[in-house]
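Peer 1: Sending over a structure as structure tokens; questions will come in a sec.
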Amino acid sequence: MKQIKTILIGVGILLVVVLGAVGYQVFSDKNVPVKTISGFVGGEKISFLENPEVKAILEKDYGIQVDVNKAGSLDMIRADLSNKDFLFPSSQTALELYIKTIGPAYKDEIILNTPIVLYSHQVVADALVNNGLATKENGIYQVDMAKLVKMMEENKTWADVGLSQLYGPIVVDTTDPAKSNSGNMFAGLVASMLNGGQVVTDAQLPQILPRLTGIFDKLGYMETSSSDLFSQFLKTGLGAKPIVAGYENQLLEFSHEQTEAWSQVKDDIVMMYPVPTEWTAHIFISLNDEGVELMQALEDERLQQIAWEQHGFRTGVNGTITQGKVFDVPGVQESVTQVIQMPGSSVMDAIIKAFE
């Protein structure tokens, strides 16, 4: 009897210890210090940072909550950065502008990549192919940018390529090159096409710039966010924006997040790769130690996998898709190889000023 009593006391003590440990853990979990890290983010990355899985990993494993403020990649450099810990624009150009106007970055790192693409409708894509402006091979559309830019500069109309139902000249709608990265990069790409397919230098820019602004003058009002432009493209249909420039990840993300809406438009929306195109490096600019903490956390392999599988950002080596088919989107290139570099910072700074 005495032995049984001793055992019961021992079990009771063990239960107290276990319950105490569990209670302490629960109490501790509820009181893990979580800091809020605030910054400006390009609109195309908002959904990624607000993904519940991403937020849970950041909070649980890194003690971080992110306060997201949407801004164009170039606009955010000019914004009031007091009380901000980071900037998350979409290109090296934004970093170079930051260094030129503010000073060296506290720390920076490329976190995500995605190529510039053109979005259009099936009837437009077919017309481009029929007129030798694009090709379709193995379901992948590629646009000859030199030929397309030539037609835009020559004021060719949609009727000239057999699309008499569309009004006005052939244009590619884009965001404002002075405020948003996608528009800025597309302007750099067009400038190089006007320069015979060679990256524009400072010496060549004076002859190229009037031709470049002449093409963009036909666009009228330009959005300041790539996410807003993509949304307008989807909502307004063929007549309003026959072709827009954007990021590859935008359609991939849309197909994943809005499956019902995607099923309704997937037979009409076409993603086309410019030849050549440009890589968009989504670069994280830390403004202090807190920004560095978030930057390092975003390199977590789980977050990088979510960035690709749910939001379409290429995170593999050299931007090559190695995980197989993930998205229900036709015509995604496995590897983007026909790429031209952006013009240098002094050239892009002059282009930005021309559009301000």
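Peer 1: Pick from Ile283, Ile116, Ile46: which residue has the top mean-square fluctuation in a GNM of the chain where Cα pairs under 10 Å get a spring?
Peer 2: The residue with the greatest mean-square fluctuation here is Ile46.
Peer 1: Could you work out how far helix 2-30 tilts from the main Cα principal axis of the chain, as a 0 to 90 degree angle to the nearest 10?
Peer 2: Helix 2-30 sits roughly 30 degrees off the main axis of the chain.
Peer 1: According to the square roots a ≥ b ≥ c of the eigenvalues of the Cα gyration tensor, what is the shape class of the stretch 196-309, taking rounded for a/c under 1.5, prolate for a/b larger than b/c otherwise, and oblate for the remainder?
Peer 2: Oblate, because a/c is 1.5 or more while a/b does not exceed b/c.
Peer 1: Can you work out the Karplus-derived ³J(HN,Hα) for every residue in the stretch 283-297? Use 6.51 cos²θ - 1.76 cosθ + 1.60 with θ = phi - 60°, whole Hz, and x for glycine or proline.
Peer 2: For the stretch 283-297, the Karplus-derived couplings read 9, 9, 10, 7, 9, 6, 5, 5, x, 4, 4, 5, 4, 5, 5 Hz, x marking Gly and Pro.
Peer 1: Just to check I understand the Karplus step: with θ = phi - 60° and J = 6.51 cos²θ - 1.76 cosθ + 1.60, what whole-Hz values come out for the stretch 38-49, glycine and proline as x?
Peer 2: 10, x, 8, 9, x, x, 5, 10, 4, 4, 4, 6
Peer 1: Amide H neighbours of Val270 under 5 Å, at least 5 residues apart or on other chains, H built in the peptide plane: list them.
Peer 2: Here Ser120, His121, Gln122 satisfy the definition.
Peer 1: Convert each backbone phi in the stretch 208-217 into a coupling constant with the Karplus relation 6.51 cos²θ - 1.76 cosθ + 1.60 (shift: θ = phi - 60°), then list the ³J(HN,Hα) values in order as whole Hz, x for Gly and Pro.
Peer 2: Computed from phi, the couplings for the stretch 208-217 are 8, 4, x, 5, 5, 5, x, 5, 6, 4 Hz.
Peer 1: Give the calculated FRET efficiency between Val123 and Glu50 to the nearest 0.05, with a Förster radius of 45 Å applied to their Cβ-Cβ distance.
Peer 2: Taking R0 as 45 Å, the efficiency between Val123 and Glu50 is 0.85.
Peer 1: Starting from the Cα of Gln258, step 7 Å along the direction of its Cβ; do the same at Glu309; then give the gap between the two resulting points in nm.
Peer 2: Here the answer is 2.4 nm between the modelled labels.
Peer 1: Which residues' amide hydrogens lie under 5 Å from the amide hydrogen of Gln65, considering only partners 5 or more residues apart or on another chain, with H built in the peptide plane?
Peer 2: Answer set, sorted by chain and number: Lys35, Thr36, Ile37.
Peer 1: For every helix of n ≥ 4 consecutive DSSP H residues, a contribution of -39,500 (n - 2.57) applies; sum these over the chain, divide by its total residues, and give [θ] at 222 nm rounded to the nearest 500 deg cm²/dmol.
Peer 2: For the chain, the value works out to -14000 deg cm²/dmol.
Peer 1: Arranged from highest to lowest average of other beta-carbon atoms within 10 Å per residue, in what order do the peptides 55-68, 294-307 appear?
Peer 2: Descending mean neighbour count gives 294-307, 55-68.
Peer 1: So, one more: In the Gaussian network model of the chain, springs joining C-alpha atoms below 10 Å, which of Thr315, Thr259, Thr224 carries the largest mean-square fluctuation?
Peer 2: Thr259
Peer 1: Working from Cα positions, state the angle (0 to 90°, nearest 10) between the long axis of helix 345-355 and the longest principal axis of the chain.
Peer 2: 70 degrees
Peer 1: Now for a different question. Where is the GNM fluctuation largest for the chain (alpha-carbon springs, 10 angstrom cutoff): Pro115, Pro104, Pro177?
Peer 2: Pro104
Peer 1: Now for a separate question. First measure r as the distance between the Cβ atoms of Thr36 and Glu356, then evaluate 1/(1 + (r/R0)^6) with R0 = 30 Å and state the FRET efficiency to the nearest 0.05. Present the calculation step by step, with values, prior to reporting the outcome.
Peer 2: On the way: r = 33 Å, r/R0 = 1.11.
Efficiency, from the Cβ-Cβ distance: 0.35.
Peer 1: What is the distance in Å between the Cα centroid of the stretch 167-187 and that of the stretch 188-231?
Peer 2: Measuring centre to centre over Cα atoms gives 7 Å.
Peer 1: Helix 52-62 versus the longest principal axis of the chain: what angle, 0 to 90°, nearest 10, using Cα atoms?
Peer 2: Orientation of helix 52-62: about 50 degrees from the principal axis.
Peer 1: While we're looking at this one, here's another question. Give me the one-decimal nm value for the distance between modelled label points at Leu238 and Asn130, 7 Å along each residue's Cα-to-Cβ direction.
Peer 2: 1.1 nm
Peer 1: Right, something else. Can you list which of the chymotrypsin sites (Phe, Trp or Tyr not before Pro) found in the stretch 90-188 are DSSP loop residues with at most 16 other C-beta atoms within 10 Å?
Peer 2: Tyr106, Tyr167
Peer 1: Need the C-alpha centroid separation for the stretch 276-308 versus the stretch 68-106, integer Å.
Peer 2: About 14 Å separates the Cα centre of the stretch 276-308 from the one of the stretch 68-106.
Since every read-out is calculated from the coordinates, none of them should be taken as a lab result. The structure presented is a predicted model; accordingly, all values stated were derived computationally and were not measured. Every residue, glycine as well, gets a Cβ built from its backbone with ideal geometry; the counts of neighbours run over all protein chains shown.
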